[in-house]
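Where a number appears in this text, it was derived from the coordinates with a stated rule and is not lab data. Computed from a predicted model, the values in this text were never measured in an experiment. Positions of Cβ are generated from backbone atoms using ideal geometry, with glycine treated the same way; all protein chains shown enter the neighbour counts.
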Amino acid sequence: MTEPLRVLFVTPEIAPWVKAGGLGDVAQALPAALAQAGVDARVLVPAYRPLKSAFAQARRVCAFAAPGGALADAGLRLTDDPGVPLYLLECDAYFDRPGGPYQSPENQDWADNHLRFGLLSRIASLAGTRGFDGWRPDLIHCNDWQGGLAPAYLARESGAHAASVMTVHNLAYQGLFAPELLPALGLPPALQASETLELWGRISFLKAGLRYADGLTTVSPTYAREIQGAELGFGLEGLLRERNDVLTGILNGIDTRTWDPARDAFLAERYDASSLERKRANAQALRSELGLAARAAAPLVGMIARLVEQKGADLVIQIAPELLRAGAQLAVLGQGEARFENALRALAAQHPGAVAARIGFDEGLAHRIEAGADLFLMPSRFEPCGLNQLYSMRYGTPPVVRRTGGLADSVRDPDEAPPDEACGFVFDAPDADALLAALRRALAAFRDPAAWRRLQTNGMHADFSWTASAAAYLEVYRRAIAARDAARAAARAG
Ligand code: ADP
């Protein structure tokens, strides 16, 4: 028997303990799917406060003395979960804090984020050279800018080391810092050059990953193409075009156990494609939870998102009055920019019983909106993959989405797809008129019960599991290892 491939998945967040967005879900699900496929997959994640308390018994496997000269007193604890073991990167000065993984309770970026995630990257690269306690990964899979320096550290190693793959979950977050910080990160000032880490006059952790990793992926095929253009490339399009031979788009799967209307403990009533009538009970329960009028026949439109321009929060606010005039109710859950939070609160106050705005993060309510809504809104200006449209399809709640990134790759419109594949509504222009036109088409379809049920069941039967995506990642890992071997052979020959 051949040895299983050893992969270290490096992530700044992991559901259910610490989650700021879709990456948290991916970090929970992808390593588990890889383990299912026979990979020896382990996760490296900072020991934030919720992880420390969830795994208080985890055993200490190594300690690091001042890695990179950054600080003293870091160590790793290993959970003995039989599925996917977690290496918790302990450094209380950096990670044992209130607030989120990247921001304070006041939503300010932590001032030492470069050191916090420089340390994460540094320890990941140590895994790839020395290993942890006898376990050395064949490959390090870094995610987003927070892990971006790891491939740069590895590239500076002359000895044998792990191959690396860098996944971009959202290119807009680039990990930009002052170039003067390079020495504190254990890197030479010469890396402040446009061929290496420099971006917009600063240094970018994400660019480091994109420059030095052996393989690159992003979370949908369409987004992989879009980020090679100026509009969504955010200054990195040139580098991405240069390296597009190693760039692959792989659509995220979803955790089909957590997001399963037939087993979801958050719901008033569980249901599947053969018992869709029970979805109505969830709609009524949601109306009463949110203080919406008990208008059972009114289409209930849901949205769950970070309230930022990327997600089209402004578009939803603009079209809300028209939506209400068309007889719909609107339920929004989200948090983000104060201007959008306030506008949504104002809408709810102006239209009691018709608009509900819950400002905050609420996992249970997110499940109940997916189940209770009739339609789901996702008018993103760009969307690397998007998870909520996948959840909504699985919950029999057809989404209305903009044709971008993973939305374009996962949602098929009845005007364009065969009747047994259509599962939502797609529009093109990033403006309120286009969104409203798509919503009107959706509301018309909603009034035709047979057509509507077909859309619902098509989405519910689609396969959004991680199995296919995990196989695609395995192929990327194999190619990255081959690329590293080829580079090493070339260096020896040269
Ligand atoms: P992104 O990662 O860009 O925020 P995704 O659609 O890929 O967007 O993933 C968002 C994830 O976060 C989903 O699991 C979604 O349900 C969840 N989410 C976003 N905002 C909230 C919120 N306010 N409350 C609960 N869950 C939320």
(request) Evaluate the charge dipole of the chain about its Cα centre and quote only its size in Debye, nearest 20, assuming +1 on the Cβ of each Lys and Arg and -1 on the Cβ of each Asp and Glu. (result) 460
(request) Could you give me the radius of gyration and the Dmax of the range 225-319, taking only the C-alpha atoms into account and expressing both in angstrom? (result) 20.2, 56
(request) Would you please state which residues of the range 406-450 a label at HIS461 would reach in this model, taking the label point 7 Å out along Cα→Cβ and a backbone N cut-off of under 15 Å? (result) 418-424
(message) For LYS52, give me every one of the lysines with a C-alpha distance below 25 angstrom, ignoring sequence neighbours fewer than eight places off in its own chain.
(response) LYS19
(message) I need to check one value: relative contact order of the chain, counting alpha carbon pairs closer than 8 Å and at least 6 residues apart, in percent.
(response) 12
(request) Putting +1 on Lys and Arg Cβ atoms and -1 on Asp and Glu Cβ atoms, find which of GLN57, ALA32, VAL45 reaches farthest to the positive end of the dipole of the range 1-115. (result) GLN57
(request) Can you tell me the 0 to 90 degree angle between the C-alpha axis of helix 449-461 and the longest principal axis of the chain, rounded to 10? (result) 20
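Counting only C-alpha contacts under 8 Å and six or more residues apart, can you give the relative contact order of the range 73-229 as a whole percent?
18
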(message) For the range 32-109 and the range 362-435, what is the centre-to-centre distance using only Cα atoms, to the nearest Å?
(response) 34
(request) When a/c is below 1.5 the answer is rounded, else prolate if a/b is larger than b/c, else oblate, so apply that to the range 325-383 with a ≥ b ≥ c taken from the square roots of the Cα gyration tensor eigenvalues. (result) rounded
(request) Rounded to the nearest 10 degrees, what's the angle between the helix 22-36 long axis and the longest principal axis of the chain, both from Cα atoms, 0 to 90? (result) 70
(request) State whether the range 1-70 is rounded, prolate or oblate according to the following rule on the C-alpha gyration tensor (a ≥ b ≥ c being the square roots of its eigenvalues): a/c under 1.5 gives rounded; otherwise a/b larger than b/c gives prolate, and the remaining case gives oblate. (result) oblate
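To the nearest 0.05, what FRET efficiency results for PHE266 and SER158 with a Förster distance of 45 Å applied to their C-beta separation?
E(calc), rounded to 0.05, equals 0.30.
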(request) Calculate for the chain the 222 nm mean residue ellipticity that helices alone would give, adding -39,500 (n - 2.57) per DSSP H run of length 4 or more and normalising by residue count, nearest 500 deg cm²/dmol. (result) -11500 deg cm²/dmol
(request) Only bridges with both residues in the range 276-463 count here: give the DSSP antiparallel percent, nearest 5. (result) 0
(message) Can you classify the range 182-285 as rounded, prolate or oblate using the Cα gyration tensor, where a ≥ b ≥ c are the square roots of its eigenvalues, rounded means a/c under 1.5, and otherwise it's prolate if a/b beats b/c and oblate if not?
(response) prolate
(request) For the range 5-20, take each phi angle, set θ = phi - 60°, evaluate the Karplus expression 6.51 cos²θ - 1.76 cosθ + 1.60, and give the result in whole Hz per residue in order, putting x for glycine and proline. (result) 5, 9, 10, 9, 9, 9, 9, x, 8, 8, 6, x, 7, 9, 9, 10
(message) Using only the alpha-carbon atoms, how far is helix 279-290 inclined from the longest principal axis of the chain? Give it as 0 to 90 degrees, nearest 10.
(response) 80
(request) Determine the percent antiparallel among the DSSP beta bridges restricted to the chain, to the nearest 5. (result) 25
(request) Quote the charge dipole size of the range 276-463 about the Cα centre in Debye, to the nearest 20; the model charges only the Cβ of Lys and Arg (+1) and of Asp and Glu (-1). (result) 620
(request) Any chance you could run the full-extension gain for GLU3 through ALA338? It's 0.36 nm times the residue separation minus the Cα-Cα distance, nm to one decimal. (result) 115.4 nm
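Which value, in nm² and rounded to one decimal, describes the direction-averaged projected area of the C-alpha convex hull of the range 348-417?
Directional mean of the projected Cα hull area for the range 348-417 stands at 5.8 nm².
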(request) Evaluate the Kirkwood expression for the hydrodynamic radius of the chain, namely the inverse of the mean inverse distance over all pairs of different C-alpha atoms, and round to one decimal in Å. (result) 23.5
(message) Once R0 is set to 35 Å, what does the formula 1/(1 + (r/R0)^6) return for the Cβ-Cβ distance between ASP448 and ALA472, expressed as a FRET efficiency to the nearest 0.05?
(response) 0.40
(message) Based on the alpha carbons, how large is the Rg to Rh ratio for the range 354-494 when Rh follows Kirkwood?
(response) 1.15
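Just the number, please: percent antiparallel of the DSSP beta bridges in the range 86-215, rounded to the nearest 5.
50
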(request) Kindly state, as a whole number, the per residue volume in cubic angstrom of the convex hull around the alpha carbon atoms of the range 276-463. (result) 101
(message) 7 Å from Cα along Cα→Cβ at both ARG295 and GLU322: what's the point-to-point distance in nm?
(response) 1.8
(request) Enumerate the whole-percent occupancy of each 5 Å bin, from 0 to the last occupied one, for all C-alpha pair distances of the range 427-494. (result) 3, 13, 10, 10, 10, 10, 9, 8, 7, 6, 6, 4, 3, 1
